[in-house]
Amino acid sequence: MSTEAAPTEAMSNLNITSKGTAKRDALRANEVAVQQKWEEAKAYESDPDATKESFLVTFPYPYMNGVLHIGHGFSLTKAVFRAQFERHRGKNVLFPFGFHCTGMPIQAAANKLKAEIANYGMPPAFPEDDPAVRAEMERKAAEEAAAKAKAAKSNDKKAKGGKTKLVAKTGTGIVRQWNILKKMVPEEIIGEFVDPNKWLSYFPPIGVDHLKKFGAGVDWRRSFITTAVNPYYDAFIRWQFNTLRKKGKVLFGKRNNIYSLLDGQVCADHDRSEGEGVGPQEYVIIKLRVLEFPGKLAALEGRDVFLAPATLRPETMYGQTNCFVLPEGKYGAYEMENGEVFIISERAARNMSCQGYTSEFGKVTCLVELTGTELLGLPLSAPNATYERVYTLPLLTISMGKGTGVVTSVPSDAPDDYVSLKALQDKPEFREKYGITAEMVEPFKVVPIIEVPGYGDASAVFMCEKLKIKSFNDKAKLAQAKDETYLKGFNFGVMTYGPHKGKKVCDAKPIIKQEMIDANQACLYFEPESKVMSRTGDECVVAATDQWYLAYGEDSWAKAVKEHIFSESFTAYDETALGKYDYTVGWLKEWACTRQFGLGTQLPWDEQWVIESLSDSTIYMAYYTIAHHLQGEDNLNGSKGSPAAIDAADLTDEVFDFVFNNADMPADSKVAATVLEKMQKEFRYWYPMNLRVSAKDLIPNHLTMALYNHAAIWDDEPGMWPRGYYTNGHVLVDAEKMSKSKGNFLMLNETVEKYSCDATRFACADAGDTIDDANFSRETADSAIVSLSNEEAWIKEVLDSKDSLRTGDDLNFMDKVILNETRRLVKLTEDSFESMQFREGLQKGWFEMLNARNQYRSWCSISDVPMHKDLIMTWIESVIVLICPVCPHWSEMQWAAIGKNGLAVTAAWPVVGEEDKLLTRQALFLRKALPHFRSLQGKAKKGCNKGSVLVKDSYPQWKVDTLTWMRSQYDSSKSEFPASFMGDLKKWAMSLPDKKMMKNIMQFASFMRNEANDVGLQALELSLPFDQKSILVDSEQYLKSQLELEEISIFNLDTDENIPEIPGRILDNVTPGKPYLYMHA
């Protein structure tokens, strides 16, 4: 059916040009008024109510080193939408919100600003501000970019565009803290931000203001900031860690962690500007002894000098044939504490200096600087190798940013090694270019060491031949070959060489590794899995440091968490997300939970340490339940005292034990017993947390750590552990990653002002709900402004003309349809919101609701029948509530406009009755008929302006047989066909005598399956359960008008008499449920 209708008078008077802002301004004016109304009514302040089921939803508190952007807003809406939906369902909803200030980011930014002012004055006069200086900087940057691109091209690496960072970024291309702050705060006060505490007092209140403008629906009495600046939260974190220590979860010892030498401490995820989620990677360094000392190496003769490749596969060292270096790579001969000399990259030496291998932590001694070219042809003795002497050869694909820059070669089981060695053996001119002689490569054959079923005893050779890899430049194929051989070799390979012959590789590997270490042929080496940069701009290393750590991964603790995430008590809303939690529990181990400086809470028993930002943010959801007693509204740092007259100094461990862990009432507490009991009851009312919403990047750290910590603090009460986590992907803006240079980096408050709050939220709802990246479309936000404004105008017009609408119990077919569509869409919207599918909910609760109304309005207008007053008011009331989770300000205005008492945000979810699926099918029949008729009309001969609509009640026998078979396959309990349906259908159709009908059967069955998916088993009935002709006759005037026909007649081919003569080819196209329009003159 058409959704078109003549515009109402109110709509015609609206200015819908994109240039005007009147509609947006009207929406914003209403939002300001509504937010004031909510404030006065304390609409979002939630207290325990024994008559209502509680629903606690939380969102990770954002870091307060700036203002919020649309990425925050997008993720936040998932919590906001669900919270509002649950309010409509009658639950007592609590949505609190705090602000995170712990850790290094604020401290690092303050330090950077301080250095800029010290070096360049205030306001700073940066060198790049001088045009001449900047031009020279741009010239040098361009030269560096060109050289980098040339080097990449020569190595067959994908070169990025020649645009330099200096040119690409607006301004100077040099990131200055002063300039960052200049975009967020008045320039005259920037100097105050050298004090980290200024950030804590300045940005969190702005966050509150911007979230209020976003209509976040927060109970602001429960808000707070972290760190010792807030004595109440500080006491809570001290209790948490004392409790963890008592339970044996916090330990001390030397551990390998990502570390910043510049900062002088461990660098956790939230302390990083690049590399979040990256951990230490263990390698084994193999000591390849240098046998001759030509050139610069002569200075080292007489010492134990080794080329030191790092490998993940020490069990394969029996198959070594050579060693590789990068010819243009920069290497050094670095002295170790034991007197040995390792030839490795400077980066690797820096890592080793932090792992106990050098005489001084973080310091390296380079005895000789070398290039890869100076190492080529060097004879070596390789431990465990079958060849007494191997040689150093060139490999052009080595990354100096991974491992030690030195690679040992095992061509039997490493495809890259095999292809590279073969190139040197087969191409004399290539090896001669690097001074490599025939005797350095030709005698070295592949040494079989591992048998892999299906791959032979040289899996690398097998895969290279299978994939037809001819060159080390076949990178995609080599990557595929490497992944497959490594996986199969480790899991299914069996050693065929050496003392562990016959053992599975997975069993032999740790034994061989330890044997080589014990024999001083190898040593352990760690480095970050990929590049990690600290907030202070330092490339991090892996360091073995004395550290307090949380014993994540401990068997019983990890088992408890894993059992919870797979239990019926927890939902991840997405199978992919659930898999990520399972994976994280599998790898997350000992976690350094303290730092030696930065903002935060001091470790209670060892105050030289500060608890880091991912460790003071794991159970604070429990703090929300009592925060309003401790701090109250407009008291983020607790400096204004406590509404319950509680001194933070009186918040002892015994107090928190009573409140959170049901311990005995502390006998000597200065906190009133009545207050303690009230806080305990409130915690017990709100907990467990029903839902936590977050972006997916917190799965590998915060979200899983929160599960661990809940499982520890409430180890005897699994009922207090989180009940659900929902994670979304990151948000793009207009299908591109947010970028200031692209002009699509949207700050939250600016977006609200530009598009209105409701239109921004509308676009967020439409952006997507999966764990994959979503897309915030500015065009959608613009369209939402028009859509919301148009609906407001239409509702006003209906209210103004209510007396002209029809009343009474006599309902026509389309009256019944609009009521049934309202019922259907209310239920589908509810199902979508409950499953966190807000885009789908928006589709059902707004777009399809509007379509249903448009069809009804159009039918009534064309049929000259007034709309039914009660039904259209039911539709209006329903759509106001359905869209309220997404656009609450608009709903609030319309709720008042239709004369409803109270607030829209507290209105009950619509109760409109159950959907009549048969009526849904009838409506679908009419809705599909019109476009089908239009299609047939377009094919008619010129001059045909009359139409005969033909219907049929019965199927031919082959269709009856097909439907009968389909009914036998349909699972009524699940309302679906089996996954094997199409395959089974094909087998059944092939078993029939008339094979010529197979194509028709397949097409018909596919169509009817879709019908059944829409309306259930009734779609497969052998005769239609409704009168097709009656429906079409009721809409005769409507069809005639929409098709612009002079005359229309409707015939049932099975029951009517006096049917005019119609060609047989036309009659063959008429089937039950699919009427046919026969055009004639």
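The values are calculated or read from the model by the stated rules, or taken from the named source; none is laboratory data. Not measured: the values here are computed from a predicted model. Reconstructed Cβ throughout: ideal geometry from the backbone, glycine too, with neighbour counts over all protein chains shown. Heads up: the accessible areas ignore ligands, DNA and RNA and are worked out on the full protein's heavy atoms, side chains in. Shrake-Rupley method; radii C 1.70, N 1.55, O 1.52, S 1.80 Å.
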### Task
Could you list, in sequence order, all residues of the range 81-103 that are open to solvent by 10 Å² or more (accessible area, probe 1.4 Å) and either in a helix (DSSP H, G or I) or out of contact with any strand residue (DSSP E or B) (no Cβ under 8 Å at 6 or more places or on another chain) (or both)?
ARG82, ARG87, ARG89, GLY90
### Query
Just for the range 264-299: of the residues that are closer than 18 Å to ASP616 by Cβ and not polar (S, T, N, Q), which one is most open to solvent (accessible area, probe 1.4 Å)?
GLU276
### Task
Among residues belonging to the range 455-501 that are of a type in the set (Asp, Glu) and within 39 Å of the chain's Cα centre (by Cα), point out the one that is farthest from THR311 (Cα to Cα).
ASP474
### Query
Somewhere in the range 559-568, is a residue out of contact with any strand residue (DSSP E or B) (no Cβ under 8 Å at 6 or more places or on another chain) and over 30 Å from ARG723 (Cα atoms)?
no
### Message
Just checking, does the range 35-43 include any residue being surrounded by 22 or more Cβ atoms within 10 Å (Cβ to Cβ) and either at pLDDT 95 or above or within 32 Å of the chain's Cα centre (by Cα) (or both)?
### Response
no
### Query
Is it fair to say GLN1037 is more than 22 Å from LYS917 (Cβ to Cβ), open to solvent by 70 Å² or more (accessible area, probe 1.4 Å) and assigned to a helix (DSSP H, G or I)?
yes
### Task
Residue by residue through the range 1006-1029, note down the ones that are in contact with a helix residue (DSSP H, G or I) (Cβ under 8 Å, 6 or more places away or on another chain), touching a residue at least 40 places away in the same chain (Cβ under 8 Å) and either of a type in the set (Lys, Arg) or open to solvent by 30 Å² or more (accessible area, probe 1.4 Å) (or both).
ARG1009, ASP1014, LEU1017, GLN1018, GLU1021, LEU1022, PRO1025
#### Entry: Unique residue being without any contact (Cβ under 8 Å) to a residue 24 or more places away in the chain and not polar (S, T, N, Q) when the list is VAL951, VAL911, VAL960, VAL905
VAL911
### Query
Pick from LEU698, LEU732, LEU746: which is among the aliphatic types (A, V, I, L, M) and under 23 Å from LYS559 (Cβ atoms)?
LEU698
### Query
If you take the residues of the range 617-633 that are in a loop (DSSP other than H, G, I, E, B) and at pLDDT 95 or above, which of them is farthest from HIS702 (Cα to Cα)?
GLN631
### Task
Take the range 277-305 and flag every residue that is farther than 22 Å from ASP416 by Cβ, more than 37 Å from the chain's Cα centre (by Cα) and assigned to a strand (DSSP E or B).
ARG289, VAL290, VAL305
### Message
So ALA308 ticks every box in (1) surrounded by fewer than 22 Cβ atoms within 10 Å (Cβ to Cβ); (2) within 30 Å of ILE450 (Cβ to Cβ); (3) modelled with pLDDT of 95 or more but one. Which box is left unticked?
### Response
(1)
### Residue that is nearest to GLY768 (Cα to Cα) [pool: residues in the range 842-864 that are open to solvent by 30 Å² or more (accessible area, probe 1.4 Å) and at pLDDT 95 or above]
GLN843
#### Entry: Condition check for GLU677: farther than 19 Å from PRO48 by Cβ and over 37 Å from the mean Cα position of the chain (by Cα)
no
### Task
Test GLU892 against the criterion of being assigned by the TED database to the domain that holds ARG839 and under 34 Å from the mean Cα position of the chain (by Cα), and give yes or no.
yes
### Task
Return the residue satisfying two criteria in turn: it lies in the range 970-984 and is free of Cβ contacts under 8 Å to residues at least 24 places away in the same chain and assigned to a loop (DSSP other than H, G, I, E, B), and of such residues it is most open to solvent (accessible area, probe 1.4 Å).
LYS974
### Summary
Exactly one of GLY356, GLY302 is free of Cβ contacts under 8 Å to residues at least 12 places away in the same chain, within 23 Å of ALA519 (Cα to Cα) and in the same structural domain as SER409 (by the TED database), and that residue is GLY302
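Residues are listed down the side, and each one gets a yes or a no for (1) assigned to a helix (DSSP H, G or I); (2) buried (at least 19 other Cβ atoms within 10 Å of the Cβ):
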position: PRO448; (1), (2): no, no
position: ALA460; (1), (2): yes, yes
position: MET463; (1), (2): yes, yes
position: LYS468; (1), (2): no, no
position: SER471; (1), (2): no, no
position: ALA476; (1), (2): yes, no
position: ALA481; (1), (2): yes, yes
position: TYR497; (1), (2): no, no
### Task
Could you check, for the range 337-344, whether at least one of its residues is at pLDDT 95 or above, among the small types (Gly, Ala, Ser) and on the phi > 0 side of the Ramachandran plot?
yes
#### Entry: Number of the exception - GLN937 against (1) of a type in the set (S, T, N, Q); (2) surrounded by 15 or more Cβ atoms within 10 Å (Cβ to Cβ); (3) at pLDDT 90 or above
(3)
### Query
free of Cβ contacts under 8 Å to residues at least 60 places away in the same chain and either out of contact with any Cys (no Cβ under 8 Å at 6 or more places or on another chain) or not in a loop (DSSP other than H, G, I, E, B) (or both) - does that describe any residue in the range 915-922?
no
## Note on the structure
Filtering the range 1041-1067 for residues that are part of a helix (DSSP H, G or I) and either without any contact (Cβ under 8 Å) to a residue 24 or more places away in the chain or in contact with a Ser or Thr (Cβ under 8 Å, 6 or more places away or on another chain) (or both) leaves a count of 3
### Search result, residues across the range 499-528 that are in contact (Cβ under 8 Å) with a residue 40 or more places away in the chain and open to solvent by 80 Å² or more (accessible area, probe 1.4 Å)
ASN520
### Message
I'd like the full set of residues that are touching a Cys at 6+ places or on another chain (Cβ under 8 Å) and closer than 20 Å to LEU395 by Cα, limited to the range 479-505.
### Response
ALA481
### Query
Among the residues of the range 248-260, is any surrounded by fewer than 21 Cβ atoms within 10 Å (Cβ to Cβ) and touching a helix residue (DSSP H, G or I) at 6+ places or on another chain (Cβ under 8 Å)?
no
#### Entry: Failed criterion for ALA923 (all others in (1) closer than 15 Å to ARG823 by Cα; (2) at pLDDT below 95; (3) open to solvent by 10 Å² or more (accessible area, probe 1.4 Å) hold)
(3)
### Query
Which condition breaks for VAL731 when tested against (1) modelled with pLDDT of 95 or more; (2) β-branched (Val, Ile, Thr); (3) within 19 Å of the chain's Cα centre (by Cα)?
(1)
### Test for ALA649: is it surrounded by fewer than 16 Cβ atoms within 10 Å (Cβ to Cβ), over 20 Å from LEU94 (Cβ atoms) and in contact (Cβ under 8 Å) with a residue 60 or more places away in the chain
yes
